[in-house]
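To start, the structure under review is shown below, and the notes come after it.
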């Protein structure tokens, strides 16, 4: 087995708003866009936006549910200042900062924001986790 995560797909209710947030707000290059599907390239992984109902149907589970989705995509950066900058940029385009950046017990410096659909995204710097391009 070669364990890796190559695509993270978010099931979204409002494709237009979410695509705009990720494309125009956070700025990963958009790879493809067909109808309600959007794919963005990021180093090492693609981010996909797909209609929530269709994604649930593909997985043969109900689309409705609430609460914490059980995962948090993380964006590691090179410094504490970069964490602060990314959080500020996300907030400027409509994200809600739900955890302001602060020193963590593990020696890192994380903070979290939510996108327009409520998905939590972490931005972090950790001296023990070097960034690989």
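Just one of the numbered conditions (1) under 20 Å from residue 50 (Cα atoms); (2) touching a residue at least 24 places away in the same chain (Cβ under 8 Å) is not true of residue 62: (2). Among the residues of this structure, residue 122 counts as one that is within 24 Å of residue 49 (Cβ to Cβ) and either in contact with a strand residue (DSSP E or B) (Cβ under 8 Å, 6 or more places away or on another chain) or modelled with pLDDT under 95 (or both). Every condition in (1) surrounded by 19 or more Cβ atoms within 10 Å (Cβ to Cβ); (2) in a strand (DSSP E or B); (3) at pLDDT 90 or above is met by residue 98 except one, and the failing one is (1). Taking the criterion of being loosely packed, with under 14 Cβ neighbours inside 10 Å and under 13 Å from the mean Cα position of the chain (by Cα), the only residue of region 72-95 that qualifies is 72. Residues that are in contact with a strand residue (DSSP E or B) (Cβ under 6 Å, 6 or more places away or on another chain), at pLDDT 85 or above and within 18 Å of residue 113 (Cβ to Cβ) number at least 1 in the following strands (runs of 3 or more DSSP E) confined to region 27-91: 37-42, 45-51, 74-76.
The values are calculated or read from the model by the stated rules, or taken from the named source; none is laboratory data. Predicted model, so just to flag it, every value in this text is computed and none were measured. Because the Cβ atoms are built from the backbone with ideal geometry, glycine has one as well, and the counts that use them run over all protein chains shown.
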